[in-house]
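Student: The structure's right below; bear with me while I get my questions together.
The values are calculated or read from the model by the stated rules, or taken from the named source; none is laboratory data. Nothing here was measured: the structure is a model prediction, and the numbers come from that model. In this analysis, Cβ positions are derived from the backbone assuming ideal geometry, glycine residues included, and neighbour counts consider all displayed protein chains.
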Amino acid sequence: MRKIGTRRNAGFTLVEVAIIVAIIGILSVMAIPSMQGMLDRHRVRSATREFVGLFNRTRAAAVQAPVALGNTPYTITIDCGTEGFSVSPALPRGGGSSYSAATHFLGVNIYAVESNLNSAPGAEQSGAVSRGIERAGSCTEVSGTRNFTVFFTSPRQNRYRVQILGTIGTAKIVQGW
C-alpha cells in the first residue's frame, strides 16, 4: 500500500545524465587515435593483399593463356607516379585488373625496387616497374634478375612490402622494412 504524500523516484536526474554523457565523450576522444591507426594499418594491408591477389590471378591466367598470346601473355606494372598497379591486357573472368591508391587505398604510397628484396629505397621512387608474366608462371628477367619488391607505406608509417620471387613466381608479404 502506498502512503499518501510520498514521492517515488523514477528515472535519472539531469545531473546523472550529464555525467554519463561526459564519460562517454571522454572515452570516445580517447578511442579516436587508435581507431585512425587501425584504419591506416587496414588500408596498407588491404593494398598488399590486393597486389598479391592480382599477381596470383595474373600468373594463373598466364599459365592458361592461349598460345596466340605468346610466351609472355600478361604484364604487371607498378606505377610509382600514380601510386597504383595494373595488368595488361585485362584478365579474363572478371576481377579488377587495375588499382589506384587514390581510388582504392586512400593515403597509401606504393613504389617498387628492382632486384633488391630486403632494403627500402632512400626516397620515394617515380616512374614505373613492369614485369612480364610468362606462360610458365615466372616473371621475365630484367637487369639480370626476375625478383622485385613492392613497398607499401602510409602517412602513419605503417609499412609492408611484397617480395616477388620471380623465378618461381611467388609473392610473400612482409611487415615493416
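Student: Would you say Ala112 is of a type outside the set (Ser, Thr, Tyr) and part of a helix (DSSP H, G or I)?
Tutor: For Ala112, the condition - of a type outside the set (Ser, Thr, Tyr) and part of a helix (DSSP H, G or I) - is not met.
Student: Right, another one. For the stretch 50-107: of the residues being assigned to a loop (DSSP other than H, G, I, E, B) and among the hydroxyl-bearing types (Ser, Thr, Tyr), which is surrounded by the fewest Cβ atoms within 10 Å (Cβ to Cβ)?
Tutor: The selected residue is Thr103.
Student: If you don't mind, there's one more thing I want to ask. Kindly establish whether Ile32 is at pLDDT 90 or above and in a helix (DSSP H, G or I).
Tutor: no
Student: For the stretch 120-175, enumerate the residues that are modelled with pLDDT under 80 and not in a strand (DSSP E or B).
Tutor: Ala120, Pro121, Gly122, Ala123, Glu124, Gln125, Ser126, Gly127, Glu141, Ser143, Gly144, Arg146
Student: Here's something else I'd like to know. What number of residues in the stretch 37-76 are closer than 13 Å to Val150 by Cβ and hydrophobic (A, V, I, L, M, F, W, C)?
Tutor: Of the residues in the stretch 37-76, 7 are closer than 13 Å to Val150 by Cβ and hydrophobic (A, V, I, L, M, F, W, C).
Student: Given the condition touching a helix residue (DSSP H, G or I) at 6+ places or on another chain (Cβ under 8 Å) and either hydroxyl-bearing (Ser, Thr, Tyr) or more than 19 Å from Leu54 (Cα to Cα) (or both), answer yes or no: does some residue in the stretch 133-142 qualify?
Tutor: no
Student: Let me ask something else. If you check Ile20 against the conditions, is it part of a helix (DSSP H, G or I), more than 18 Å from Ala102 (Cα to Cα) and modelled with pLDDT of 90 or more?
Tutor: Considered against the rule, which asks whether it is part of a helix (DSSP H, G or I), more than 18 Å from Ala102 (Cα to Cα) and modelled with pLDDT of 90 or more, Ile20 comes out as yes.
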